[in-house]
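Novice: Next up is a structure, given as structure tokens.
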Amino acid sequence: MRSVRSLKVLAAMRGRTAILTVLVAAAATVATVLALGGGKEGTRADAAPAARQGVPTVTVVSPRNGARQTSRAVVVKVEVGNFQLSARHFGGEPQLGEGHLRFGLNRVPDCVDPVKLQRAIDSPFGNGRLVGASFDFREFAGPNGVLAERIGSEGSYSPATRPEIYYHDLLPGFYRLVITLAENDGSTTPFHAVTNFQILPRPGHGPKCTGGKVPSAKAAAFG
């Protein structure tokens with residue numbers, strides 16, 4: 001029979017062997033994870049492209065989407081990121097990461113034919129909305145409207161090299177405003193923002209829809 005001392009030595013050797021086996025397995029696992037890029041640093045590196053850093057952005061500050069007001073004037077303010085607004089190169093050759101803004105304000109009709117409304121909702125090209133009348137003229141868009149007249153974009157959009165525009169003398173109703181980043185020569189980019197707001201009529205002066213037409217609130221709810 002083995003002595004007690006021999007049994008103790010054998011147990012100690014087996015314990016060290018077990019620990020060594022665990023350490024080797026752990027090291028192999030770590031090596032495999034690092035080789036496959038599965039460590040924390042790899043995760044951060046993979047997430048960076050998803051963040052799309054450096055992509056131009058335009059965000060509406062005011063009026064907020066769904067805003068309601070009694071004033072017939074509105075000051076539109078936006079924030080532009082990763083894109084330089086350039087008054088100096090307005091109308092010139094496109095340059096990477098710079099250009100101007102295109103503000104497009106349209107008023108949804110007061111009363112809408114439900115058939116036309118449904119057609120707009122179902123259309124793959126209609127963006128689920130009715131466009132309505134433009135307010136991008138000098139009498140509504142001020143200096144930006146004058147500039148639109150000069151470059152031939154009146155009734156379509158008002159250009160701006162500052163992140164704001166002032167519209168006035170607007171009629172009560174629902175409005176849809178689209179702000180698009182454009183290159184120096186006016187070419188549009190995919191980067192844009194949209195906001196909808198309402199100018200309230202005086203009490204008792206709201207439109208009364210007849211002939212089966214629906215209020216513009218239903219048309220403005222889409223898109």
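The values are calculated or read from the model by the stated rules, or taken from the named source; none is laboratory data. Not measured: the values here are computed from a predicted model. For neighbour counting, all protein chains shown are included, and Cβ atoms are generated from backbone atoms with ideal geometry for every residue, glycine included.
For (1) β-branched (V, I, T); (2) closer than 30 Å to H205 by Cα; (3) free of Cβ contacts under 8 Å to residues at least 60 places away in the same chain, each residue gets a yes or a no:
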{"site": "Q69", "(1), (2), (3)": "no, yes, no"}
{"site": "R72", "(1), (2), (3)": "no, yes, no"}
{"site": "V75", "(1), (2), (3)": "yes, yes, no"}
{"site": "V80", "(1), (2), (3)": "yes, no, no"}
{"site": "L85", "(1), (2), (3)": "no, no, no"}
{"site": "R88", "(1), (2), (3)": "no, no, yes"}
{"site": "N106", "(1), (2), (3)": "no, yes, no"}
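Novice: Got a number for residues in region 141-159 being of a type in the set (G, A, S) and more than 18 Å from T188 (Cβ to Cβ)? Steps first, please.
Specialist: Residues of region 141-159 of a type in the set (G, A, S): 141-142, 145, 148, 152-153, 155-156, 158.
With more than 18 Å from T188 (Cβ to Cβ) added as a condition, the list becomes 141-142, 145.
Result for region 141-159: 3.
Novice: Being within 20 Å of R138 (Cβ to Cβ), of a type in the set (A, V, I, L, M) and either in a strand (DSSP E or B) or touching a helix residue (DSSP H, G or I) at 6+ places or on another chain (Cβ under 9 Å) (or both) is the filter here; which residues of region 162-181 pass it?
Specialist: Going residue by residue through region 162-181, those that are within 20 Å of R138 (Cβ to Cβ) are 162, 164-171, 175, 177-179.
Okay, now just the ones that are also of a type in the set (A, V, I, L, M), so 165, 170-171, 177-179.
Passing the criteria: I165, L170, L177, V178, I179.
Novice: Collect the residues in region 91-107 that are of a type in the set (A, V, I, L, M, F, W, C) and under 14 Å from Y157 (Cβ atoms), keeping them in residue-number order. Walk me through how you get there before you give the answer.
Specialist: Applying the first criterion (of a type in the set (A, V, I, L, M, F, W, C)) to region 91-107 yields 96, 101, 103, 105.
Passing the criteria: L101, F103, L105.
Novice: For region 32-87, how many residues are more than 28 Å from E98 (Cβ to Cβ) and modelled with pLDDT of 50 or more? Break it down into steps so the answer makes sense when it comes.
Specialist: Narrowing region 32-87 to residues more than 28 Å from E98 (Cβ to Cβ): 32-47, 66-73.
From the residues that got through so far, the ones that are modelled with pLDDT of 50 or more too are 66-73.
Of the residues in that region, 8 qualify.
Novice: Checking the structure you have, find out if any residue of region 99-113 is of a type in the set (K, R), within 29 Å of Q198 (Cα to Cα) and at pLDDT 95 or above. I'd like the intermediate steps shown before the answer.
Specialist: Step one: list which residues in region 99-113 are of a type in the set (K, R), which gives 102, 107.
The next check asks that each one be within 29 Å of Q198 (Cα to Cα); those that pass are 102, 107.
Filter again for at pLDDT 95 or above, leaving 102.
There is at least one residue in region 99-113 that is of a type in the set (K, R), within 29 Å of Q198 (Cα to Cα) and at pLDDT 95 or above.
Novice: Continuing with the same structure: Can you find even one residue in region 199-207 that is modelled with pLDDT of 90 or more, touching a strand residue (DSSP E or B) at 6+ places or on another chain (Cβ under 8 Å) and either crowded, with 16+ Cβ neighbours inside 10 Å or farther than 27 Å from K116 by Cα (or both)?
Specialist: yes
Novice: Out of region 129-161, which residues are assigned to a strand (DSSP E or B) and touching a residue at least 40 places away in the same chain (Cβ under 8 Å)? Let's see the steps before the verdict.
Specialist: Initial filter on region 129-161 (assigned to a strand (DSSP E or B)): 133-134, 158-160.
Residues satisfying the conditions are S158, P159, A160.
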